Amino acid sequence: MIKFKRNFWFKLNRSLHRDVGYFSIGLTIVFAISGLALNHIRDFNPNYQVTRIEKPVQIDVELKDELIIKNLLKNFDLKRAVKASYWESKHVFKLFFDEGHTLTFHSGQQKALFEMIEARPILPHFNRLHLNEAKHGWIVFSDIYAICLLYLAISALFMVRGKHRALGRRRGWLIALGALVPTLYIFI
């Protein structure tokens with residue numbers, strides 16, 4: 001009778017561990033991709049692709065702003081409506097477009113820089129979920145995911161029986177080390 005119960009719980013644990021693991025794979029991939037992107041936010045913008053085009057331009061700064069704008073648009077072959085413009089300094093004139101694009105004219109260097117901003121296709125949505133910008137509905141789902149990960153970690157300890165079990169010598173030390181690394185990092 002005791003052997004039957006032990007086998008039943010062992011098999012149930014393995015089945016649940018497998019099914020919860022399959023459910024968690026997709027979530028783990030999404031969180032891992034967005035986590036890597038957010039960890040390297042200083043190296044690249046994970047939400048937007050910024051394309052920069054720089055050109056030399058010959059524009060007389062004594063012209064009216066409307067003519068400077070017209071010449072800049074012509075130089076870059078842009079047919080976009082200008083949302084706003086202003087002189088940032090004596091030598092820097094900026095144009096802004098509805099899509100978030102900018103065009104900056106440096107009169108002293110006689111060059112202009114057009115920066116075109118385009119949202120990346122999927123990564124910004126993953127990042128919103130990772131940073132919990134979706135709020136309440138995602139909190140519930142994130143909690144379920146966290147509980148699944150906790151279950152996977154704990155149930156994995158009981159997946160193997162006998163001398164190869166997880167709480168054995170070397171494996172037990174690896175588990176302790178895994179918990180110790182983030183704990184030490186907090187205090188160092």
Positions within the stretch 17-43 being hydrophobic (A, V, I, L, M, F, W, C) and either surrounded by fewer than 11 Cβ atoms within 10 Å (Cβ to Cβ) or more than 30 Å from A84 (Cβ to Cβ) (or both), in sequence order
V20, F23, I25, L27, I29, V30, F31, A32, I33, L36, A37, L38
Which numbered condition trips up R18, out of (1) farther than 19 Å from L149 by Cα; (2) within 32 Å of the chain's Cα centre (by Cα)?
(1)
Which condition does D43 not pass, out of (1) part of a loop (DSSP other than H, G, I, E, B); (2) over 20 Å from L123 (Cβ atoms), if it passes all the others?
(2)
Which residue out of S107, S142, S85 is among the polar types (S, T, N, Q) and closer than 30 Å to A32 by Cβ?
S142
Yes or no: D65 acidic (D, E), more than 23 Å from A37 (Cα to Cα), surrounded by 12 or more Cβ atoms within 10 Å (Cβ to Cβ) and touching a residue at least 12 places away in the same chain (Cβ under 8 Å)?
yes
Restricting attention to the stretch 71-90, report how many residues are surrounded by 15 or more Cβ atoms within 10 Å (Cβ to Cβ) and small (G, A, S).
1
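Since every read-out is calculated from the coordinates, none of them should be taken as a lab result. What you see is a predicted model; the values in this text were computed from it and never measured. As a convention, Cβ positions derive from the backbone with ideal geometry for all residues, glycine included, and neighbour counts pool all protein chains shown.
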